[in-house]
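Here the structure is laid out as structure tokens; the discussion comes afterwards.
The values are calculated or read from the model by the stated rules, or taken from the named source; none is laboratory data. Keep in mind the model is a prediction, meaning the values are calculated, not measured. Cβ atoms come from the backbone with ideal geometry, glycine included; neighbour counts cover every protein chain shown.
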Amino acid sequence: MISDQVAASTLRLPDTPGVYLWKDLDGTVLYVGKAIRLKARVRSYVRSEELQTPKTRALMEQATALETIVVPDEASALMLESNLIKEHRPRFNILLRDDKSYPFVKVTVQEPYPRVYVTRQLRDDGARYFGPYTDVGAMRRTLNVVKRIFTVRSCRYDMPQDMPQRACLDFYIKRCKGPCVGAQSQDDYRDMIDEVVAFLAGRTEEVTRRLRDKMTGASERLEFEHAAELRDAMAHLEQIEEPTVMVDVGGGDRDILGYARDGDDACVAILIVRDGKLMAREHRLLEHVEESSDGDVLGAYMTAGFLAREGRPAEVFVPFEFSDQELFTVLAVGTHVRIPQRGQRREMLDVAEQNARHLLEEFKLEGLEADERAADPVYDLGRELGLQRIPRSMVCFDNSTSQGKDNVGAVVWFDNGRPRRAEYRTMKVKALAGESTGPDDFASMREVVSRYVRRRIDEQKPLPDLIVVDGGKGQLGAAIEALDALDLAALPVVALAKREEEIFVRGRSEPLRLARRSAALRLLQRIRDEAHRTAVGYNRKRRTMRTVTSELLRIDGVGPTKRRALLTQFGSLQGVRDATVDAIAAVPGFSAKSAERILTSLRVSDPVFGQTHVTAPAARVDAAGEIAVSSPKESES
């Protein structure tokens, strides 16, 4: 019977695609299933027995353990599920007796005039295989589009030994350029096949661009039927299903190691590939690693844990170089270490790292709430910045001023990549502007960081894992000075500059530049933009408060008490302007004479009639007797 500990662990599963395995006391796999969202799917097994089917109740009576494997997408989960069912043949799964496999697209690059067609058999014949594909209909439609775009031959002649006497119908309807009759050279045909291979490998932008140009040309020539065909071809290209990484066409045995680290703990996930198929996943947790580098941690596992494994494969993929790698190569006879950089092997390594993150989160979150799980961009950011601890909590500082006045600062707090607005703070900055240089942004940043961090220390609140400041080297230096003065030199701090999106890091002379589409960079931009929005909003509020106050208080006979009475009665400065003499005189403390004086003064300061202008935001007096100001709106007077 499933234990309470296993049932509780289902709450900590990620909402990502994956495969789950229910096992009994002996470790025998009882059931293998796939899920688009692991957490939701697995939780359905531990609900009330009244809601379960008889088969599920029987499964849960025997299941005592759960294992999960995270994958990139639903198609990968489907393929991995198929591999594991064939390997373990679980009693609660439906087993397919015909052992039908999924199709591949085969490009016979070993032939002088390659062909492109569908096959379900993988052979080590020098051809290129792409797939497998789970949606056969979509794959065949896309393959037809590819053949029409690239005019790949559809005949089965063994060219150039076996050449027909005349071209087939495809040549006359322009579906083929006729290499069989010498109308297309072998070099030109091979160049076209190179484009086909590039397209099937996932580089579709060039093909889409060619289609769009052809469609535009056909439309300009009034060939609307041909243009419609090209339009449909583009629609098919957009629907193509990406090949899964769950099968390595090259075959062979290998172990793929993913690595994740968070402070004093690390995890190595091992994806076990046999005969080119992912068959299982193992993992090892390593503790007390805070004083060691990533290379030392991985090296400790490789020379101790991995060497002790039975049946080591011919290859092992690792994410980076590790300590004692040369010694490992000598001891692990017959096993070669690879560090994939691109392609399908790199994708498999990414899957292994994703699993390592998931497993480390499970270990770290035991006894904690499930929603504390860090998102992948948080891990990516920690790796890009070289942080020893994953930046689950981050704060960002920004300052805002208006021509040297209303100098304010703002701090926003993000937990696991999500804003935690209860921890947002704003403050008035006391740093004075220089007489000739204007506002001192560096001094303002130093003050805001110092005051915020010191207060959290005084209130015994936890400090963030990472501090981000909006700006460049100067703002970073100011923040570092503030932290050093508080003996917090070990607290990570970076600056993000707006113009080039450069990241300045303590101890590095050159800025760090991340890819524009990097999830880590997008996370930094989001927290930076949130801090900027908060700072500008607070600055606008301060400026509006000062404007409303000065407009009323500069009128003779109107002090703070009468100002509050007017705003309470009419709601805003514009409301006072629009009021009549009798309406103002009816407010306690005002007479008809003082009402006329107030209206005369306000209307003199009002813009010319009919001119569009931004009025002061509506102001009101709240329950505490303070003036509250809403956002400004554009209006016409």
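Where strands (runs of 3 or more DSSP E) fall entirely within the stretch 262-373, none has at least 2 residues that are assigned by TED's automatic domain parsing to the domain that holds Arg389, touching a Pro at 6+ places or on another chain (Cβ under 9 Å) and aliphatic (A, V, I, L, M). Residues in the stretch 46-59 that are at pLDDT below 85 and buried (at least 16 other Cβ atoms within 10 Å of the Cβ): Val46, Gln52, Thr56. Reported count of residues in the stretch 209-251, each being at pLDDT 70 or above and either surrounded by fewer than 17 Cβ atoms within 10 Å (Cβ to Cβ) or touching a Ser or Thr at 6+ places or on another chain (Cβ under 8 Å) (or both), is 21. Test Met302 against the stated conditions and say whether it is surrounded by 12 or more Cβ atoms within 10 Å (Cβ to Cβ) and under 25 Å from Arg389 (Cα atoms). Yes.
Only helices (runs of 4 or more DSSP H) whose full extent lies in the stretch 492-578 are considered here, and the ones with at least 3 residues that are closer than 30 Å to Gly417 by Cβ and modelled with pLDDT of 80 or more are 519-553.
With a requirement of 3 or more residues that are modelled with pLDDT under 90 and not basic (Lys, Arg), the strands (runs of 3 or more DSSP E) lying completely within the stretch 380-460 that satisfy it span 393-402, 405-415.
This table checks each residue for (1) under 22 Å from Leu524 (Cα atoms); (2) within 25 Å of the chain's Cα centre (by Cα).
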{"residue": "Val395", "(1), (2)": "yes, yes"}
{"residue": "Thr401", "(1), (2)": "no, no"}
{"residue": "Gly417", "(1), (2)": "yes, yes"}
{"residue": "Ala489", "(1), (2)": "yes, no"}
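Looking only at residues of the stretch 16-37 that are part of a strand (DSSP E or B) and of a type in the set (Gly, Ala, Ser), we find that the one that is surrounded by the most Cβ atoms within 10 Å (Cβ to Cβ) is Gly18. Checked against (1) part of a helix (DSSP H, G or I); (2) at pLDDT 80 or above; (3) surrounded by fewer than 16 Cβ atoms within 10 Å (Cβ to Cβ), Ile85 passes all but condition (3).
In the stretch 479-491, the qualifying residues are those that are out of contact with any Leu (no Cβ under 7 Å at 6 or more places or on another chain) and not in a helix (DSSP H, G or I), and the one that is surrounded by the most Cβ atoms within 10 Å (Cβ to Cβ) is Leu488. How many residues does the stretch 252-267 contain that are in contact with a strand residue (DSSP E or B) (Cβ under 7 Å, 6 or more places away or on another chain), over 12 Å from Phe317 (Cα atoms) and crowded, with 23+ Cβ neighbours inside 10 Å? Of the residues in the stretch 252-267, 3 are in contact with a strand residue (DSSP E or B) (Cβ under 7 Å, 6 or more places away or on another chain), over 12 Å from Phe317 (Cα atoms) and crowded, with 23+ Cβ neighbours inside 10 Å. One residue stands out in the stretch 507-525 among those that are more than 20 Å from Ala479 (Cα to Cα) and surrounded by 11 or more Cβ atoms within 10 Å (Cβ to Cβ): the one that is farthest from the chain's Cα centre (by Cα), namely Arg513.
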